[in-house]
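**Student:** First, the structure itself, so that you have it in front of you.
The values are calculated or read from the model by the stated rules, or taken from the named source; none is laboratory data. These numbers were taken from a predicted model, which means no experiment stands behind them. Cβ sites come from the backbone with ideal geometry, for glycine too, and all protein chains shown count toward neighbours.
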Amino acid sequence: MEEAGKYIGAGTATISLLGVGIGIGLIFASLLQGISKNAYMTRTLFTYAILGFALTEAVGLFSLMISFVILFS
């Protein structure tokens, strides 16, 4: 019974990876829209997009780490 609880907990912890994927897609979609409207701000917009990507990816890695901690502890 305890093993089943671990699998359920790890599965619910990985649901946040869906949100991370959607967030990364929104970041780069907004980057493309911003570059198409203001081509002269490409460098600044790209810098902000990479920063947003890194922070969003960090949330995904933390949730994956939590699911591994649930499974293997």
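**Student:** Looking at the range 18-30, I want the residues that are without any contact (Cβ under 8 Å) to a residue 60 or more places away in the chain and have a partner that is surrounded by 11 or more Cβ atoms within 10 Å (Cβ to Cβ) and among the acidic types (Asp, Glu) with Cβ atoms under 9 Å, at least 6 apart or on another chain. Which pairs are those?
**Tutor:** Going by the 9 Å Cβ cut-off, the qualifying pairs are Val20/Glu57; Ile24/Glu57.
**Student:** Would you mind stating whether Val20 is modelled with pLDDT under 95, in contact with a helix residue (DSSP H, G or I) (Cβ under 7 Å, 6 or more places away or on another chain) and over 28 Å from Glu2 (Cα atoms)? It would help to see each step written out before you state the result.
**Tutor:** Numbers: modelled with pLDDT under 95: yes; in contact with a helix residue (DSSP H, G or I) (Cβ under 7 Å, 6 or more places away or on another chain): yes; over 28 Å from Glu2 (Cα atoms): yes.
Criteria met by Val20.
**Student:** Surrounded by 12 or more Cβ atoms within 10 Å (Cβ to Cβ) and over 24 Å from Ala58 (Cβ atoms), is that true of Thr14? First the steps, then the outcome.
**Tutor:** On the way: surrounded by 12 or more Cβ atoms within 10 Å (Cβ to Cβ): yes; over 24 Å from Ala58 (Cβ atoms): no.
No.
**Student:** Working only within the range 1-12, note down all residues that are part of a helix (DSSP H, G or I) and either acidic (Asp, Glu) or at pLDDT below 85 (or both). Before you say what the answer is, go through the steps one by one.
**Tutor:** Quick first cut of the range 1-12, residues part of a helix (DSSP H, G or I) only: 2-12.
Selection gives Glu2, Glu3.
**Student:** Now for a separate question. Within the range 1-58, work out how many residues are out of contact with any Ser or Thr (no Cβ under 7 Å at 6 or more places or on another chain), of a type outside the set (Val, Ile, Thr) and within 23 Å of Ser73 (Cβ to Cβ).
**Tutor:** 10
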